[in-house]
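Asks: Sharing a structure, written as structure tokens. Questions coming.
The values are calculated or read from the model by the stated rules, or taken from the named source; none is laboratory data. It should be emphasised that the depicted structure is a prediction, and the values quoted were computed from it without experimental measurement. Cβ placement follows ideal geometry from the backbone for every residue including glycine, while neighbour counts extend to all protein chains displayed.
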Ligand code: IVH
């Protein structure tokens, strides 16, 4: 092994170790800065020496292979579920049943039941080869590329004492802080919120783009080791050893020798779980000895050697005072229950979400009903039922979903396949108009110095009906309004003037096109370069852009199909807002490589790899890091890695050299 290869290997091992310290043990021993420095050194070495490429290198955490559909893979061992219990009585039954069946002493391992989405990882010769979701228990989706983005999942087992092949199962989780952050982002976009971290985790895992998955910062906790030649014949010990291999095995698991110890564990965690960084919904009890597990066996659906005890969700009873319907910027109607304030899980609850018309119908709610409110894994408390027995005398008015907009009276519509109702009067419905202007002025969009109250005042005074009207405001107009003085009026003028220098992608984001958030706006801007080109784009051209799917494409088309929207954009253009990327950025751009995915491999003599990468992008092509069925060309230099060469040959991908590539651009 030469010096460079040795350095690469040492860096990989060191970084894998630091990853483990940081993401699994939460006990980093070097600074982030130091970590990044080492990561960069490794990245540079790998760039310069593709012959030492390794798909398991810590630099490869963010995969770039886009797969449109997941492959289905059969589980080697079926993924069963657990029998659920809800009372200590049922736990006692389980314990006594087990004692009778075994007729000998046994130990129960108590663990937390993590509320995410389950995953089964296969390791061969110490390497992660496959990650499969539960699916139907018999077969699941191959989500390996996504799982590889989870920093706490070892790509390679630590140490060298592990079985040739094994499976480890666990739960993929979105920590509460990440969940809150994600929902906040979605709220700003008026996209449907995830009801709980479980939905968010499974939704994320099914994302087609691993880079999106990486950005959401999932985590994974492990609780079950399977295979032949496991380290031990007991579950607890196997998990303990798996922890030394680099897996995040929660250290809250306990060996219990009596029912008493089990109940103590339950009572303790029923409270203590509220301080955990991830969602839990119960306790899992497992017979420790694998021999005894085999003796007890399975029913059709679940093991006889394990059971889940579910925590009681926190629930309170209170009175339903009224229901209001709120209209958002996109016209979506949100029904909200107004409640007599009640204490629930440490906070006073006055409102609960009623989600949609179907839920309201299902609950058969009447004003004045005594209702049960629950705060399960959900952030917003929800009404789960009505105390029908508490009804006495005359029933209050039945709660029905409204048919017309509470703000403008327009009949509501409900798009096929959606649960939500919308007010279609986007041009004339006041909260929608004000909502769009509020969005337009936000910091991430045009960064104009006014808040919702000012927007309201300007709207009420009749000065603004859309974003473009802001640019027609005069100091004299403002001075006629309450609360405005010369100074504040001038400030607003300055802020409006400054907004004319805001880059195109933020102007695009500011329009508030449904599903066009900050990231999507950036993508569209760099793919189409100008508002004009985007207005002309067809469905096919839109979906050809990386990360733009049918839903976003259709929304963009719908937006520009509306004459009012086109007029608004034209007026904004007239007032001097940026409607294209700056010339410098566009210079030398062509579409010569449009639709082509090119992988760069090896070292070159005429330009650097970075320069080639920039050339591909400037000419409308896509540079990708790894060879797949979607690769059109490999731009190969000296010392192209043997793995890439082999894969290219297998997939029949064309290999071109520097000169040929440069000729393509002439
Ligand atoms: S053991 C055969 N342990 O709960 C036993 N499962 O209904 C396999 N879960 O699908 C599961 N925490 O997604 C086990 N500590 C834990 C768990 C756990 C959460 C989930 C898992 C499983 C479901 C069982």
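Asks: Of everything in segment 373-388, what is at pLDDT 90 or above and surrounded by fewer than 16 Cβ atoms within 10 Å (Cβ to Cβ)? Give them in sequence order.
Replies: 387
Asks: Moving to a separate point now. Filter segment 122-140 down to the residues that are touching a residue at least 60 places away in the same chain (Cβ under 8 Å) and in contact with a strand residue (DSSP E or B) (Cβ under 8 Å, 6 or more places away or on another chain), then identify the one that is farthest from the ligand (Cβ to nearest atom). Working first, answer last.
Replies: Our first condition is that a residue be touching a residue at least 60 places away in the same chain (Cβ under 8 Å); within segment 122-140, this holds for 127-128, 133, 135, 137-140.
Then keep just the ones that are in contact with a strand residue (DSSP E or B) (Cβ under 8 Å, 6 or more places away or on another chain); that gives 127-128, 133, 135, 138-140.
Working: 127: 24, 128: 19, 133: 10, 135: 11, 138: 14, 139: 15, 140: 11 Å.
The selected residue is 127.
Asks: Got a number for residues in segment 57-89 being surrounded by 15 or more Cβ atoms within 10 Å (Cβ to Cβ), within 17 Å of residue 123 (Cα to Cα) and either modelled with pLDDT of 90 or more or touching a strand residue (DSSP E or B) at 6+ places or on another chain (Cβ under 6 Å) (or both)?
Replies: Selection size over segment 57-89: 3.
Asks: Being more than 16 Å from the ligand (Cβ to nearest atom), within 24 Å of residue 214 (Cβ to Cβ) and within 18 Å of the chain's Cα centre (by Cα): is that true of residue 156 here?
Replies: So residue 156 fails the test.
Asks: Tell me, yes or no, whether segment 444-455 has at least one residue that is within 19 Å of residue 577 (Cβ to Cβ) and free of Cβ contacts under 8 Å to residues at least 24 places away in the same chain.
Replies: For segment 444-455, residues within 19 Å of residue 577 (Cβ to Cβ) and free of Cβ contacts under 8 Å to residues at least 24 places away in the same chain: present.
Asks: Looking at (1) surrounded by fewer than 17 Cβ atoms within 10 Å (Cβ to Cβ); (2) in a loop (DSSP other than H, G, I, E, B); (3) within 16 Å of the ligand (Cβ to nearest atom); (4) at pLDDT 95 or above, find the lone condition where residue 248 falls short.
Replies: (1)
Asks: Given the criteria touching a helix residue (DSSP H, G or I) at 6+ places or on another chain (Cβ under 8 Å), over 30 Å from residue 263 (Cα atoms) and modelled with pLDDT of 85 or more, does residue 8 qualify?
Replies: On the way: touching a helix residue (DSSP H, G or I) at 6+ places or on another chain (Cβ under 8 Å): yes; over 30 Å from residue 263 (Cα atoms): yes; modelled with pLDDT of 85 or more: yes.
When the stated conditions are applied, residue 8 passes them.
Asks: How many residues are in a strand (DSSP E or B) and buried (at least 21 other Cβ atoms within 10 Å of the Cβ) when one looks only at segment 124-170?
Replies: Adding up the residues that qualify gives 7.
Asks: Return the total of residues in segment 414-430 being more than 29 Å from the chain's Cα centre (by Cα) and not in a loop (DSSP other than H, G, I, E, B).
Replies: Adding up the residues that qualify gives 1.
Asks: State all residues of segment 560-581 that are within 32 Å of the chain's Cα centre (by Cα) and not in a helix (DSSP H, G or I); if no residue qualifies, say none.
Replies: Within segment 560-581, 562, 578, 579, 580, 581 qualify.
Asks: Please go through segment 475-522 and pick out each residue that is free of Cβ contacts under 8 Å to residues at least 24 places away in the same chain and not in a helix (DSSP H, G or I).
Replies: Hits for segment 475-522 are 480, 484, 485.
Asks: Just wondering, is there one or more residues in segment 213-221 that are within 13 Å of the ligand (Cβ to nearest atom) and buried (at least 16 other Cβ atoms within 10 Å of the Cβ)? Quick ask: steps written out before the conclusion?
Replies: To start, the set of residues in segment 213-221 that are within 13 Å of the ligand (Cβ to nearest atom) comprises 220-221.
Now narrow it down to the ones that are buried (at least 16 other Cβ atoms within 10 Å of the Cβ): 220-221.
Looking through segment 213-221, at least one residue is within 13 Å of the ligand (Cβ to nearest atom) and buried (at least 16 other Cβ atoms within 10 Å of the Cβ).
Asks: Mind listing whichever residues of segment 105-121 are touching a helix residue (DSSP H, G or I) at 6+ places or on another chain (Cβ under 8 Å) and more than 15 Å from the ligand (Cβ to nearest atom)?
Replies: Selection gives 106, 107.
Asks: Go through 225, 173, 230, 205 for me and flag whichever is under 12 Å from the mean Cα position of the chain (by Cα), within 30 Å of residue 289 (Cα to Cα), within 16 Å of the ligand (Cβ to nearest atom) and at pLDDT 85 or above.
Replies: 173
Asks: Output the qualifying pairs, or none if there are none: Cβ atoms under 6 angstrom, residues six or more apart or on different chains, first residue in segment 211-224 and more than 25 Å from residue 251 (Cβ to Cβ), second residue more than 14 Å from the ligand (Cβ to nearest atom) and not in a helix (DSSP H, G or I).
Replies: What qualifies is 211/62; 213/149; 213/207; 214/62; 214/149.
Asks: Across segment 73-89, what is the number of residues that are more than 12 Å from the ligand (Cβ to nearest atom), more than 27 Å from the chain's Cα centre (by Cα) and farther than 21 Å from residue 115 by Cα?
Replies: Residues that pass the stated criteria total 2.
Asks: Taking only segment 383-400 into account, find how many residues are assigned to a loop (DSSP other than H, G, I, E, B) and touching a strand residue (DSSP E or B) at 6+ places or on another chain (Cβ under 7 Å).
Replies: 5
Asks: Could you name every one of the strands (runs of 3 or more DSSP E) located completely within segment 274-382 that has at least 3 residues being within 16 Å of the ligand (Cβ to nearest atom)?
Replies: Qualifying strands (runs of 3 or more DSSP E): 280-287, 306-310.
Asks: Same structure again: Can you tell me which residues in segment 255-265 are surrounded by fewer than 18 Cβ atoms within 10 Å (Cβ to Cβ) and either touching a helix residue (DSSP H, G or I) at 6+ places or on another chain (Cβ under 8 Å) or not in a loop (DSSP other than H, G, I, E, B) (or both)?
Replies: Listed by number, the residues that qualify are 255, 259, 260, 261, 263, 264.
Condition check ((1) in a loop (DSSP other than H, G, I, E, B); (2) within 32 Å of the chain's Cα centre (by Cα); (3) modelled with pLDDT of 85 or more) across all residues:
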residue: 592; (1), (2), (3): yes, no, yes
residue: 600; (1), (2), (3): no, yes, yes
residue: 606; (1), (2), (3): yes, no, yes
residue: 610; (1), (2), (3): no, yes, no
residue: 629; (1), (2), (3): yes, yes, no
residue: 635; (1), (2), (3): no, no, yes
residue: 662; (1), (2), (3): no, no, yes
